[in-house]
Amino acid sequence: MNNWNNLKKVWNNLYFIIPNCGLNNMQNKLEMLRIFKVVAESANFKDASVRLGISAQSVTRAIKELEVILGEPLFYRSTRN
């Protein structure tokens, strides 16, 4: 699946699966979408974390949370850099 299709799928699922209970929830959804977008544009999770100014563990956690929500992997992972 290409990144644009993944981006649309992520947003649609975040919008419908996570209840919209006000501004804070919308901010969380937008932050998850922003993390996904930067990871999709970056070479790897570490580069994305540098661009986002957050830890690589936080990026990994956010992507894993999205993958659980969607029920499928969003990125191919490799142990090589």
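The values are calculated or read from the model by the stated rules, or taken from the named source; none is laboratory data. Please read these numbers as outputs of a predicted model, since none were measured by experiment. Every residue, glycine among them, receives a Cβ derived from its backbone with ideal geometry; neighbour counts consider all protein chains shown. Side chains included, ligands, DNA and RNA excluded: accessible areas come from the protein's heavy atoms. Shrake-Rupley method; radii C 1.70, N 1.55, O 1.52, S 1.80 Å.
Details
- Summed over region 31-46, the residues that are under 21 Å from Lys9 (Cβ atoms) and open to solvent by less than 90 Å² (accessible area, probe 1.4 Å) give a count of 10.
- Residue match in region 68-78 (condition: modelled with pLDDT under 85, outside any helix (DSSP H, G or I) and basic (Lys, Arg)): yes
Condition check ((1) among the β-branched types (Val, Ile, Thr); (2) farther than 19 Å from Arg77 by Cα; (3) modelled with pLDDT under 90) across all residues:
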site	(1), (2), (3)
Phe16	no, yes, yes
Leu23	no, yes, yes
Leu30	no, yes, yes
Phe36	no, no, yes
Ser42	no, no, yes
Ala48	no, no, no
Ser55	no, no, no
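- Test set (1) modelled with pLDDT of 75 or more; (2) open to solvent by 40 Å² or more (accessible area, probe 1.4 Å) - Lys9 fails condition number: (1)
- Filtering region 47-73 to residues that are farther than 22 Å from Lys9 by Cβ, free of Cβ contacts under 8 Å to residues at least 12 places away in the same chain and open to solvent by 90 Å² or more (accessible area, probe 1.4 Å) leaves Val50, Gln57.
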